[in-house]
Amino acid sequence: MTLHQVESFIAGRWLPPSGDARLIHSALTGQPMAQVGRAGPDSAAMLDYAKTKGGPALRALTFHDRARALKALALHLQDRKQALYDLSFDTGATAQDHLIDIDGGIGTMLVMASKGRRDMPDDQVYLDGPVETLSRQGSFMGQHICTPLRGVAVHINAFNFPVWGMLEKLAPAILAGMPVIVKPATASCYVTQACVRMILDSAILPQGSVQLVCGGLGDLLDRLDGQDVVSFTGSAGTAGQLRSTPNLMDNAVRFVAEQDSLNASILGPDAVPGTPEFDLFVTEATREITTKAGQKCTAIRRIIAPHGTTDALIAALSRSLDSVVMGDPRQDTTTMGALISAAQRDDVLAKAAQIASQADVVYGDLTPPPHPSGGAYLAPILLSCPDPDTAHHLHTVEAFGPVATVMGYTDLDHAVALANRGGGSLVTSVFTHDTDVARQVALGAAAFNGRIYFNDRTSAGESTGHGSPLPHMVHGGPGRAGGGEELGGVRGVLHYMQRTAIQGSPDILAAIGHRWVPGAAEATGPAHPFKRRFGDLAIGETLHTPARTITVQDIETFAHFTGDTFYAHMDDAAAKRNPFFPGRVAHGYLLLSFAAGLFVSPDEGPVLANTGLDNLRFLDPVVAGDALSVRLTVKQKTPRNTDYGEVRWHVTLTKQTGSTVAEYDLLTMNAL
Ligand code: NAP
């Protein structure tokens, strides 16, 4: 039988296994199917390739360029995913599992691409938060900026999600502008390798952006420095070993860890048998135990239910698990595939036995015979722990397979305390329709969890599930779960960037951030800014309008026209009794409307639409007789597509005394 040779992509070349190559076995038959690993991959060459080719090329692109590349890459993979499905069956994964790993990975990349276009500028500098005024006169200000680290992102991934696990880290790193070295887990690296080959064949990313090391990393970790990032996913044991690599500690190399986690699911006191929440709980727990044959870092390991409900719950879960069809994942009827390997099956059974030393087996078998196919199949095992306060294995031992333990609680504080015994988890779910229960659990358990997922009859139809990390939301968890944080939109990108406090004059801040700052130089354009196309407008280009005096008649007319006859605009004596007003004042919305009347250019032109206002503040009341004038300045420009882009205008309304009446950002879409 010919063994598949899993190549690595190192310093621009595909290299076959050599030296101390290892064998990979099919999860479905136990037969050897591939060979992987190189004796001492050339770490120096890899780092050089990434730092001299990939890094500079990525950094030359803007966030929008990188986001567009990620989108193109995701669509490229989308067209080729059947090949990944075909390969992935041998890891034991079913068609449903592929949706999470392969489609989920591609979907994550698409979301990150969209976040890059929507939430990041078309620039190389990301501005983190608003400008801080650091001086009385405003000539010295501060701004946090983020720029990509100059090293390489080393991604060490777990075996269970060979595609999602790679893409969910690759997308934020590339978006940040950092080249990546991917080190997949050996057991499923042939799937990752096929995906990396598709990425490289597409030539969408600049050369040097992605490398792949299948097998050992050699001395790579010993060569990293403070400009590099290690992002690890795997067991707590391996994380502990790798994060204590002396060179990583000596150089304070960023180490993001996503470890194993004893995730909990709490059945609320209101979710008694017969309620929709009870049924939802049974369905979700079954799905969590069987998806990826339980090899999911977020899977429900501990089921925490009211004391009086545990028997009914175990009976319902057992009935539900009876309907699981375990077998060849290529068969349409199969609902649960195999574990990754015989060794993993042995490990899960050993860990389940350890938990069972302090619990009862209520479903399944701790000593099942080997599967006749030779595959690493293992049917679900449900345990019940009568005394979860004194037992500890269920709170500390991760059986990374289709194993979960039920335990009872006396009251909600007890449920939260049991959940928190996991020592820090990726996720806890709560099935309740009672908002007070939800609040109590959130306050008690949030500090121990990266995510808390609530499910009830209201959200069930659209809810994404206990076990699904979402690219928009943080994935990670404190303590036992590793203390890492991935994803979460732009939050995930910032792991690969350095945040720097920039302090200086408004002009310097505006030049660095490509965002106009109050106090920075203003420019006068050759025409009214509304007559200038997106590409022609300069940051800082400003229009100063003539003044318009507000009359009592204006206030009356506006009040009756809009129906806003609030006493502060209509009744001088009543307004005077209000601590904020000197007497009858103009409506804030009147001021905004008059401001628009002062600054717009009415003719058809490049301004296509007003899409909103941000950061609006009314600062000083305006009374009849005050004269209002406007300063309109181009603050920031963000292209949206090939036809138009968003212009953010800084608008300041002042009155004749020079005092600022209102300030806001106006957003318009302008033709390119
Ligand atoms: P693992 O045995 O800890 O391995 C994780 C990764 O570390 C693999 O790529 C492995 O490569 C690599 N590795 C091990 N020793 C290494 C060394 N000395 N130098 C460099 N790399 C080394 O974990 P696993 O069995 O693959 O995955 C299962 C575990 O991952 C479970 O505990 C699960 O909970 C956890 N997990 C967590 C998350 C999360 O997001 N928090 C997600 C998925 C999985 P080799 O395969 O070549 O040894």
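Just to be sure, is residue 473 out of contact with any His (no Cβ under 7 Å at 6 or more places or on another chain), hydrophobic (A, V, I, L, M, F, W, C), under 30 Å from residue 123 (Cβ atoms) and within 16 Å of the ligand (Cβ to nearest atom)?
Values: out of contact with any His (no Cβ under 7 Å at 6 or more places or on another chain): yes; hydrophobic (A, V, I, L, M, F, W, C): yes; under 30 Å from residue 123 (Cβ atoms): yes; within 16 Å of the ligand (Cβ to nearest atom): yes.
Taking the combined requirement at face value, the residue satisfies it.
Sort through 494, 487 and tell me the only one that's modelled with pLDDT under 95, farther than 30 Å from residue 671 by Cβ and aliphatic (A, V, I, L, M).
Values: 494 fails: modelled with pLDDT under 95.
None of the others qualify; the one that does is 487.
Would you confirm whether any residue within the range 25-43 is part of a helix (DSSP H, G or I) and in the same structural domain as residue 211 (by TED's automatic domain parsing)?
We begin by selecting, within the range 25-43, every residue part of a helix (DSSP H, G or I); these are 43.
With the extra rule that they be in the same structural domain as residue 211 (by TED's automatic domain parsing), the set shrinks to 43.
Yes: the range 25-43 contains one or more residues that are part of a helix (DSSP H, G or I) and in the same structural domain as residue 211 (by TED's automatic domain parsing).
Looking only at the range 409-420, decide whether some residue is surrounded by 22 or more Cβ atoms within 10 Å (Cβ to Cβ) and either touching a Leu at 6+ places or on another chain (Cβ under 8 Å) or among the basic types (Lys, Arg) (or both).
yes
If the requirement is being within 38 Å of the chain's Cα centre (by Cα) and without any contact (Cβ under 8 Å) to a residue 40 or more places away in the chain, which of these qualifies: 564, 571, 536? Steps first, please.
Values: 564 fails: within 38 Å of the chain's Cα centre (by Cα); 571 fails: within 38 Å of the chain's Cα centre (by Cα).
On inspection, the qualifying residue turns out to be 536.
Can you find a residue that is over 16 Å from residue 105 (Cα atoms), crowded, with 24+ Cβ neighbours inside 10 Å and in contact with a Lys or Arg (Cβ under 8 Å, 6 or more places away or on another chain) anywhere in the range 185-194?
no
Which numbered condition trips up residue 627, out of (1) farther than 23 Å from residue 64 by Cβ; (2) in contact (Cβ under 8 Å) with a residue 60 or more places away in the chain; (3) in contact with a Leu (Cβ under 9 Å, 6 or more places away or on another chain)?
(3)
Please enumerate the residues belonging to the range 224-241 that are modelled with pLDDT of 95 or more, within 13 Å of the ligand (Cβ to nearest atom) and over 22 Å from the mean Cα position of the chain (by Cα).
Listed by number, the list holds a single entry, 224.
For the range 639-651, how many residues are assigned to a strand (DSSP E or B) and either of a type in the set (Asp, Glu) or farther than 30 Å from residue 63 by Cα (or both)?
Taking the range 639-651 and keeping what is assigned to a strand (DSSP E or B), we get 639, 644-651.
Cutting the leftovers down to either of a type in the set (Asp, Glu) or farther than 30 Å from residue 63 by Cα (or both) gives us 646.
Within the range 639-651, residues that are assigned to a strand (DSSP E or B) and either of a type in the set (Asp, Glu) or farther than 30 Å from residue 63 by Cα (or both) number 1.
The values are calculated or read from the model by the stated rules, or taken from the named source; none is laboratory data. Fair warning: this is a prediction, and the values are worked out from it, not measured in the lab. Cβ: placed from backbone, ideal geometry, glycine included. Neighbour counts: every protein chain shown.
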